[in-house]
1. Take the residues in the stretch 83-101 that are surrounded by 14 or more Cβ atoms within 10 Å (Cβ to Cβ) and aromatic (F, W, Y); name whichever of them is modelled with the lowest pLDDT.
2. Within the stretch 80-93, is even one residue of a type in the set (G, A, S) and closer than 17 Å to L133 by Cβ?
3. Within the stretch 137-157, is even one residue among the acidic types (D, E) and in the same structural domain as A41 (by TED's automatic domain parsing)?
4. Run down T80, T36, T21, T13 and say which single residue is at pLDDT below 75, of a type in the set (V, I, T) and not in a helix (DSSP H, G or I).
5. Looking at (1) without any contact (Cβ under 8 Å) to a residue 24 or more places away in the chain; (2) under 18 Å from the mean Cα position of the chain (by Cα), can you tell me which one I72 breaks?
6. Of the residues that sit in the stretch 102-148 and are surrounded by 14 or more Cβ atoms within 10 Å (Cβ to Cβ) and polar (S, T, N, Q), which one is modelled with the highest pLDDT?
Amino acid sequence: MSNGNKYGGAFCTPDERQISTIGTGYLANTISNAGTKRAGATLTNKRVYFSGSVYSLNNKGRFVSYNQRKIINNRDITGTGYVYYRPLYYIWWSILSLILGFFGTAYLADKSSSEDIAFMALALGVIFFIVFLVRYFIKRMTLLCVEYAGGNIAFDVRWIQKHEQDDFIRNIHLAKDNLYHRSAVDQGFVSNDHDSDIIPDL
């Protein structure tokens, strides 16, 4: 675990300590000025720092990409998880292109004496089929989403290892557990003395 002071006060307060990072990490993005090119996040004992190309759900239910830096207090986080974005309309368009190519070939073969024109319709159908299929695989994403009071933020984890994703999510919830536990102790709801917390036999 490293302290923010090492990076010239990149964290909001000097008592914050780094718990976990994902992607390139917020601090690495800040230092290298790559904040608008790569997505990364850093979890501290108080906040989550995001930077780079991140996604947010708009009022139409679609994820919109932004290049930004954002800081969320751990206590404001309400949930984490994955969103699987699959633009299936590209699949339908690819199938439709292939069908139209076959029908176009059959139609032109009847109406035209040239086989080259009929073959061109099939070739165009196959080309569009491949283009839409490639677009689907390029555009599909698995997003790691962090929901907080007032919104949500997500980033593409396509190039991030699965165990790294799971560790980051788990650490967020462990940090929140620790935060609420300390709040409960400070307010007198929970005692640090484990013996006094044991429920007596009735």
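The values are calculated or read from the model by the stated rules, or taken from the named source; none is laboratory data. Computed from a predicted model, the values in this text were never measured in an experiment. Every residue, glycine as well, gets a Cβ built from its backbone with ideal geometry; the counts of neighbours run over all protein chains shown.
1. The selected residue is Y85.
2. no
3. yes
4. That would be T36, the only listed residue that is at pLDDT below 75, of a type in the set (V, I, T) and not in a helix (DSSP H, G or I).
5. (1)
6. The selected residue is T142.
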